[in-house]
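A short write-up of the structure that comes next.
The values are calculated or read from the model by the stated rules, or taken from the named source; none is laboratory data. A quick note: this is a predicted structure, and the numbers were derived from the prediction, not measured. We place every Cβ from the backbone using ideal geometry, glycine too, and count neighbours over all the protein chains shown. What goes into the accessible areas is simple: the full protein's heavy atoms, side chains included, and nothing from ligands, DNA or RNA. Shrake-Rupley method; radii C 1.70, N 1.55, O 1.52, S 1.80 Å.
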Amino acid sequence: MTPQSLEVNAERPRWDDHELLLSENRPLGPHHLLRFGAPTLAGRFRPGQFLNLSVPGHVLRRPLAVLRQEGDDLELVVTPFGPGTRDLVNLPPGTRLRALAPLGNGFPAPEGDVALVSGGAGVAALLMTAAAALERGWRVHVFHGAPGDEDVELVKASYGELGLEVEYYSEDGSYGRAGLPTAGLERLLADGAAVSVYSVGPYGLMRAASLLALEYDRPAYVSLDVHMACGVGACLSCAVLTKSGQKHACVDGPVFAAEEVVW
Amino acid sequence: MNRLEVEFLGVNFPNPIVTASGTFNFGREYAHLYPLAKLGAITTKGVSPRPIAGAPTPRITETPMGMLNAIGLENKGVDAYVADELPWLKEQGARVIVNVFGDEPAHFAAVAAKVSPYADLIEVNLSCPNVHGGNLPFAHDPQAAAAVLRAVKDATDRPVLAKLSPNGPILPVAAALEEAGVDGFSLINTLLGMRMNLDRKRPVLGNRQGGLSGPAIKPVAVRLVYELFRNTDLPILGMGGVTTGEDALELALAGARLVAVGTATFADPYAPLRIAAEVDRLLAERGETWLDWVGAAHTPN
Ligand SMILES: Cc1cc2nc3c(=O)[nH]c(=O)nc-3n(C[C@H](O)[C@H](O)[C@H](O)COP(=O)(O)OP(=O)(O)OC[C@H]3O[C@@H](n4cnc5c(N)ncnc54)[C@H](O)[C@@H]3O)c2cc1C
Ligand SMILES: Cc1cc2nc3c(=O)[nH]c(=O)nc-3n(C[C@H](O)[C@H](O)[C@H](O)COP(=O)(O)O)c2cc1C
Ligand code: FES
């Protein structure tokens, strides 16, 4: 699919510009959980879709995954990174923002047991898939990686709320197991688990998880993090090279099958 | 009474606010939000003779009150657009300004000839490198720019605008283009700039440098439109950082008969219509029309 083929894809969401009211802003270690009232978006997001959020004083919006939607409320996880996300996590409750949403294709629904491999705020893009898999009665294996113990609260506030057990990997060995979460994935795959692999996090993590899944002949999906301006297919800033040519992450993705990506 | 109506090179525009090239693609992405015919016009993404894959990512990054882009002129090539997007766009009832470019005069002309049936106006992007002229942009070489313009004029019966670059002197280029028979001007294209990534100790953009757009460049746009207006009788399509109705009126005072909105559309997809409505309200308050404002800063006190 290309941005030009918008109208032939009935699956593509009819996005619009929606108002969001910040109701809660809670630090989770280095991350922030932002809760918004967004009545016009109730029930609109499929797992893995994102929104493009305004930040007061900034010229461009910021693409962010939706962690959870409950009735009129939706939650995001924001990791302060540059000027825009730093300003975003400092906003007080009561702030009104605008979001282009819902955007992107989202993850395919799980059709069996799944393995989730996440790093940092990548959790946000995966949580709705975890919930969907549990609802269908599939097993959900979670491998989360971080440099140290900084993601412990994030993992509790997300996977923990679903009652999921998380295999936490810290590179410095300060929490959970020492090493990378792909070690856990490799063990699971080597045991012959018939899982689909969903991975969101730093590029290196998604690449390693994808190559492992492909090696064991398991389906795998990633959500690619590409710098975006419009978020809707108009500016062509979010180019991704795939085996079937150049695509644009905001409309053809952000979710891609691992075997489609030129790693 | 329609305060906003404006005739530009024989084409009637219901309002003077058009989209800027490269910021609205061919309109399809926004067509479910409002009828594209409500816009003054759509300026298309730049079209070249053959498909271009574009620059490595990251292709955009935000800067203080602006953004840098290095999309690398990605486009599917003229044949794909003539087969698909341009006929569709005309069916929407929209007025269409087709932005064309190439790496030598004959290439510009070939594109212009193919898109003419769908174009109300043709906008020639002179900021791309002149492959046979040391890769200097056409816009910085009066003779090369004039050669492009003559080739395009020979290839189309549509009015032709030359899009000028703010990265060099504009008046000598504008004079050469006028002599070559250009019908009007559009300006400004982006200002070259860079942003560094402190962790990687390298430029943020894959292409290293990019074009600066957005509110940060508006004063430059106002100055260059003003300067050009003093030196030409041809009509001007002005742009650069327009985000509000006040911004559009500033450009009108400087001399812009039409005004394009680019970067502002990324933050607000309704921006071109909102700005037109704001201009309408500001004019209504004063009992004036758009045309009362075009070039009004140049009238003697
Ligand atoms: C589909 C998608 C979902 C995302 N979900 C989350 C999430 O749930 N939580 C979270 O903390 N982060 C998420 N990100 C990354 C987040 O968008 C960037 O960290 C953020 O845009 C950086 O903005 P900044 O102002 O802090 O940095 P700056 O470098 O100042 O950003 C400047 C510009 O570049 C763009 N940009 C810079 N870095 C990135 C990046 N890594 N990805 C995309 N655009 C970038 C910004 O949108 C902005 O326009 C997601 C990115 C994408 C593409
Ligand atoms: C992402 C992006 C892509 C652009 N692509 C083109 C292009 O293909 N051809 C062109 O002539 N100008 C292009 N431009 C320049 C704009 O048309 C406009 O001249 C400039 O951005 C200033 O207006 P603004 O500040 O309102 O965006 C592009 C600008 C942006 C931001
Ligand atoms: S972000 Fe503009 S095309 Fe994807």
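Things to note:
- The distance separating the Cα centre of the range A:40-93 from that of the range B:93-126 comes to 39 Å.
- Working from Cα pairs under 8 Å separated by at least six residues, relative contact order for the range A:114-222 is 30 percent.
- Inter-centroid distance (Cα atoms) of the range B:238-257 relative to the range B:1-46, Å: 15
- The charge dipole of the range A:16-103, taken about its Cα centre with unit charges on the Cβ atoms of Lys, Arg (+1), Asp and Glu (-1) only, comes to about 220 debye.
- Accessible carbon and sulfur surface of the protein assembly as shown relative to its total accessible area, %, 1.4 Å: 51
- Residues of the range A:45-82 with amide N under 14 Å of the 7 Å Cα→Cβ point at residue A:98: A:52-62
- Relative contact order of chain B, defined on C-alpha pairs under 8 angstrom at six or more residues apart (%): 19
- Distant-in-sequence amide H partners of residue A:240 (H built 1.01 Å from N, under 5 Å): A:247, A:248, A:249
- Here's the picture: a label point sits 7 Å out from the Cα of residue A:194 along the beta-carbon direction, and within the range A:131-159 the residues with their amide nitrogen under 20 Å of it are A:133-142.
- Put a dot 7 Å past the Cα of residue B:196, heading toward its Cβ, do the same for residue A:217, and the two dots end up 5.2 nm apart.
- Radius of gyration over Kirkwood radius for chain B, both on Cα atoms: the Rg/Rh ratio is 0.94.
- Positive-end ranking of B:165, B:214, B:72 along the dipole of chain B, with charges on Cβ about the Cα centre, is headed by B:72.
- The relative contact order of the range B:56-181 comes to 21 percent, based on Cα pairs under 8 Å that sit 6 or more residues apart.
- In this structure, the residue pairs whose Cα-Cα separation is over 22 Å, taken from B:76/B:218; B:45/B:90; B:38/B:114; A:243/B:114; A:243/B:76; B:90/B:218, are B:76/B:218; B:38/B:114; A:243/B:114; B:90/B:218.
- Summed over both chains, the contact between B and A buries some 2800 Å² of accessible surface at a probe radius of 1.4 Å.
- Sites residue A:149 and residue A:203, calculated FRET efficiency, Cβ-Cβ separation with R0 30 Å, nearest 0.05: 0.85
- Screening chain A for whole DSSP H helices of 15 Å or more along their axis (Cα) with average Kyte-Doolittle hydropathy at least 1.6 returns A:122-135.
- Stretch gain in nm, segment residue A:139-residue A:242, where the contour uses 0.36 nm per residue and the Cα spacing is subtracted: 34.1 nm
- Mean residue ellipticity (222 nm) of the protein assembly as shown, computed from DSSP H runs ≥ 4 via -39,500 (n - 2.57), nearest 500: -7000 deg cm²/dmol
- Using equal-weight Cα scatterers in the Debye expression, the normalised intensity of the range A:114-222 in log10 at q = 0.09, 0.10, 0.18, 0.24 Å⁻¹ is -0.19, -0.23, -0.79, -1.42.
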